[in-house]
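As structure tokens, the structure follows; a few thoughts come after it.
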Amino acid sequence: MERTLILLKPDCVQRRLIGQIISRFENKALNIVAMKLMKVTPELSQKHYAEHVEKPFYPALESFITGAPVVAMVLEGLEAIRVVRDMLGKTNGLQAAAGTIRGDFSSSRQMNLVHASDGPEAAAREINLYFNDSELCGYDVCLTPWMRTNDEA
């Protein structure tokens with residue numbers, strides 16, 4: 001099992017798309033093992049986007065991510081990082097394929113609804129920024145045997 005951090009960004013929250021997006025992840029047999037509604041502070045934004053802080057576009061990014069609440073989640077599942085990123089589609093909603101979350105709901109590069117970790121190291125770092133160990137609640141879903149075979153787990 002693999003874990004990934006998901007942020008339903010301020011545009012997702014403001015547009016009331018939280019439930020529709022969460023249902024897509026659940027329908028794909030990904031488990032939500034942590035979730036909370038929160039405000040991203042400028043300090044947290046700087047830690048999360050550390051590689052971008054010195055770039056010219058960072059002030060607008062920080063203003064956006066701190067401008068309204070986000071829903072932070074940890075999803076768990078087989079190849080969760082790749083699966084989620086495939087579900088999201090390309091970063092720019094105008095270039096994302098129909099059927100992906102961004103392709104169906106976004107028409108912007110920055111206001112693209114969802115952040116997802118881009119690899120295992122990033123996922124571990126980002127999960128630790130938003131959640132402590134006591135907030136992670138792993139569990140087995142009783143439907144799992146009907147979603148994949150035992151040799152796939």
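The table below gives the values:
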{"quantity": "Qualifying residue in the stretch 74-87 (condition: under 17 Å from GLU2 (Cα atoms), at pLDDT below 95 and either more than 16 Å from the chain's Cα centre (by Cα) or in a loop (DSSP other than H, G, I, E, B) (or both))", "calculated": "yes"}
{"quantity": "Unmet criterion (only one of (1) in contact (Cβ under 8 Å) with a residue 40 or more places away in the chain; (2) in contact with an Asp or Glu (Cβ under 8 Å, 6 or more places away or on another chain); (3) part of a loop (DSSP other than H, G, I, E, B)) for ALA123", "calculated": "(3)"}
{"quantity": "Filter pass, ALA29 being assigned to a loop (DSSP other than H, G, I, E, B), within 19 Å of ASP140 (Cα to Cα) and out of contact with any Leu (no Cβ under 7 Å at 6 or more places or on another chain)", "calculated": "yes"}
{"quantity": "Which listed residue, of VAL114, VAL74, is of a type in the set (A, V, I, L, M, F, W, C), crowded, with 19+ Cβ neighbours inside 10 Å and closer than 21 Å to ASP140 by Cα", "calculated": "VAL74"}
{"quantity": "Criterion (of a type in the set (Val, Ile, Thr) and within 20 Å of ASP133 (Cα to Cα)) met by exactly one of ILE32, ILE22, ILE18, ILE65", "calculated": "ILE32"}
{"quantity": "Unique match (being buried (at least 22 other Cβ atoms within 10 Å of the Cβ) and acidic (Asp, Glu)) among GLU121, GLU62, GLU135, GLU126", "calculated": "GLU126"}
{"quantity": "Tabulated pairs, the stretch 1-16, first closer than 13 Å to THR66 by Cβ and part of a strand (DSSP E or B), second at pLDDT 95 or above and acidic (Asp, Glu), C-beta under 9 angstrom, 6+ apart or interchain", "calculated": "LEU7/GLU126"}
{"quantity": "Residue within the stretch 48-68 that is β-branched (Val, Ile, Thr), modelled with pLDDT of 95 or more and outside any helix (DSSP H, G or I) present", "calculated": "yes"}
{"quantity": "Hits in the stretch 28-55 - residues which are free of Cβ contacts under 8 Å to residues at least 12 places away in the same chain and basic (Lys, Arg)", "calculated": "LYS55"}
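The values are calculated or read from the model by the stated rules, or taken from the named source; none is laboratory data. Predicted model, so just to flag it, every value in this text is computed and none were measured. Every residue, glycine among them, receives a Cβ derived from its backbone with ideal geometry; neighbour counts consider all protein chains shown.
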